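Worksheet for the structure shown next.
The values are calculated or read from the model by the stated rules, or taken from the named source; none is laboratory data. Treat the numbers as computed from the prediction; the structure is a model and nothing was measured. Cβ coordinates were reconstructed from backbone atoms using ideal geometry, including for glycine residues, and neighbour counts include every protein chain displayed.
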Amino acid sequence: MTGASIAILNIIFIIFLLLVSFIFDVGSSYIGLFIYIVLPVFLITGLLLIPIGMYMTKRKLQKREKSKDELDWPAIDFNNKGTRNATIIFSIGTILLFIFSAVGSYEAFHYTESVEFCGKLCHTVMEPEYVAYQGSSHERVSCVECHVGNGADWYVKSKMSGLYQVYSVLAKKYPTPIPTPIHNLRPAQQTCEQCHWPEKFYDPKLRMKRSYLSDEENTEWNIRMQMRTSGQHSAMGIADGIHWHINPEVKIEYISIDEKRGEIPWVKYTNLKTGETTIYEDSDIKLTTTQLDSIETRAMDCLDCHNRPSHNYKVPQNFIDEYLVSGAISKDLPEIKLVAMNVFTEDYPTTDSAFSSIKTQVNDYYANSYPELLESKKQDIENAIANIQEGYSKNFFPEMKVKWSEYPNHLGHIETDGCYRCHNDRQATESGKVISRDCNLCHNILVQGTVDDMEYSVAFEPLEFKHPVDIDKAWQTELCSMCHSALY
């Protein structure tokens, strides 16, 4: 009776929540959790209690009657009306249970594979990844397509890993921030390349970037580059250009001496057609034979450059530039770029404290430096504050200690070393051949400069890079990240 009561109550709850969820379109990730996982557990527990209760009752009756001749197994007599009714009820109930179980298992499977389940259920832990994912170009690609992929083996692995993750969340055993890279992530060849076909790359891509300097006028700086993603013409395939690194005829291997794969002192190139191999070693970081044998050698794939394809935390100067370009932050507010950058030099304990400090700092700056603008540009200042706060909320998560510097993006070489991890003129063979840091290996600058002083290339011949602020030739010898990682 107890088991039947529990089972019936849970069936009622499941049906009610299904009606709320589907018919009235009301609910959240937690409703799905109860419908497909929590309540079915109690339902099955109740159903299991029924035969257990019947067995216990039978044992009690046997002891009470002390009849040795009584059969251990129940006598099934279909001439008995009670037996017939019980059999019909049991058969129909079992069939319905199997149908509901099949549908429920199917829905539970899809629920645990959903973006909502991955991103919202463990809200505090997964909020940074979920928010960044929603602003990425992969927003319509479900989490499991990259993190699990096809096949039963990886599905089982992911669920086993998920059990430990659930325990970590419940017991608050998770680290802050969550360390990356994930070493047991499925190879990119089995996930990324199911959509991004290496042998079918497009022609070079034109990239246009508009930035603003931290001066009084928020001076606009434009640069247009032809990204050499593949050969100059599509017919050439990926014989050269950036995507040459994953040419099926080439194998690139490397050794990294840090967890984030930021320092790479050893690179091996293999021509798979000829068998030719070339080894490059960093002149500043010499590894012994013992160290080379003990450190993992990794074969380069998409994720060694595109390491934040769906969870990229933008650098403040970049998302503030985007707000200035779109007009969300007015370019007419003097020194607004500088004001915004100063806000992000401080670490805040919570998002609320960050919002409060952003508002105070912006208002105080203009009250002290441009008091006349507090009234004449009041709406622009309020919009600037709101958008700086929005940028912070999408890219900084103090509760999880998450920000761009904790998850460096290796695509490029401005704020982090990225390409320069290997292309730094230090990686050299014994004969002196180096992995060059020549800018034109990856991109050609076609246009650069301010609105009033724009420089254009002639006949697609690349321009020599011109730094927006005069630093002489320092950009040729120093890495960009030495200055730009400081958020300015």
For the stretch 166-202, how many residues are within 30 Å of His484 (Cα to Cα) and free of Cβ contacts under 8 Å to residues at least 60 places away in the same chain? 3
Quick check on my filter: what residues within the stretch 447-461 are over 20 Å from Gln476 (Cβ atoms) and part of a strand (DSSP E or B)? Val447, Met454, Tyr456
Members of the stretch 417-445 that are part of a loop (DSSP other than H, G, I, E, B), among the β-branched types (Val, Ile, Thr) and closer than 20 Å to Thr229 by Cβ: Ile435
Every residue from the stretch 273-284 that is assigned to a loop (DSSP other than H, G, I, E, B) and within 17 Å of Lys433 (Cα to Cα): Glu276, Ser283, Asp284
Taking the stretch 75-112, which residues are outside any helix (DSSP H, G or I) and either in contact with a Cys (Cβ under 8 Å, 6 or more places away or on another chain) or polar (S, T, N, Q) (or both)? Asn79, Asn80
So, in the stretch 303-319, exactly how many residues are assigned to a helix (DSSP H, G or I) and closer than 20 Å to Arg140 by Cα? 1
Among Thr112, Thr124, Thr87, which is the only one that is surrounded by 12 or more Cβ atoms within 10 Å (Cβ to Cβ), under 25 Å from Tyr313 (Cβ atoms) and not aliphatic (A, V, I, L, M)? Thr124
What number of residues in the stretch 336-381 are outside any helix (DSSP H, G or I) and either free of Cβ contacts under 8 Å to residues at least 40 places away in the same chain or in contact with a Gly (Cβ under 8 Å, 6 or more places away or on another chain) (or both)? 4
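Rundown of residues vs (1) polar (S, T, N, Q); (2) modelled with pLDDT of 70 or more; (3) touching a Ser or Thr at 6+ places or on another chain (Cβ under 8 Å); (4) under 27 Å from Gly119 (Cβ atoms), yes/no style:
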position: Ile6; (1), (2), (3), (4): no, yes, yes, no
position: Ile31; (1), (2), (3), (4): no, no, yes, yes
position: Thr57; (1), (2), (3), (4): yes, yes, no, no
position: Lys60; (1), (2), (3), (4): no, yes, no, no
position: Ser67; (1), (2), (3), (4): yes, no, no, no
position: Ala75; (1), (2), (3), (4): no, no, no, no
Being among the β-branched types (Val, Ile, Thr) and within 30 Å of Glu263 (Cβ to Cβ) is the filter; apply it to the stretch 424-478 and report the residue that is surrounded by the fewest Cβ atoms within 10 Å (Cβ to Cβ). Thr477
Of the residues that make up the stretch 292-306, is at least one β-branched (Val, Ile, Thr), under 20 Å from Tyr420 (Cβ atoms) and either buried (at least 16 other Cβ atoms within 10 Å of the Cβ) or at pLDDT below 95 (or both)? no
Being among the acidic types (Asp, Glu) and part of a helix (DSSP H, G or I) is true for just one of Glu259, Glu193, Glu263, Glu216. Which residue is that? Glu193
Within the stretch 328-335, can one find any residue that is assigned to a loop (DSSP other than H, G, I, E, B), in contact (Cβ under 8 Å) with a residue 60 or more places away in the chain, in contact with a strand residue (DSSP E or B) (Cβ under 9 Å, 6 or more places away or on another chain) and surrounded by fewer than 21 Cβ atoms within 10 Å (Cβ to Cβ)? yes
Pick from the stretch 167-190 the residues that are among the polar types (S, T, N, Q), modelled with pLDDT of 85 or more and in a loop (DSSP other than H, G, I, E, B): which of them is nearest to the chain's Cα centre (by Cα)? Thr180
Only one of Ile279, Ile285, Ile257, Ile252 that is outside the structural domain of Met341 (by TED's automatic domain parsing) and buried (at least 18 other Cβ atoms within 10 Å of the Cβ): Ile252
Could you tell me whether the stretch 286-303 includes any residue that is in contact with a strand residue (DSSP E or B) (Cβ under 7 Å, 6 or more places away or on another chain), in contact (Cβ under 8 Å) with a residue 40 or more places away in the chain and polar (S, T, N, Q)? yes
Please verify whether the stretch 236-247 includes one or more residues that are more than 28 Å from the chain's Cα centre (by Cα) and surrounded by 17 or more Cβ atoms within 10 Å (Cβ to Cβ). yes
Within the stretch 135-160, the count of residues that are part of a helix (DSSP H, G or I) and surrounded by 14 or more Cβ atoms within 10 Å (Cβ to Cβ) comes to 9
Condition (residue is aromatic (Phe, Trp, Tyr) and outside the structural domain of Val41 (by TED's automatic domain parsing)) applied to the stretch 130-148: is it met by at least one residue? yes
Which residues, taken from the stretch 399-416, are part of a loop (DSSP other than H, G, I, E, B) and either crowded, with 19+ Cβ neighbours inside 10 Å or in contact with a helix residue (DSSP H, G or I) (Cβ under 7 Å, 6 or more places away or on another chain) (or both)? Lys403, Tyr407, Pro408, Asn409, His410, Leu411, Gly412, His413, Ile414, Glu415, Thr416
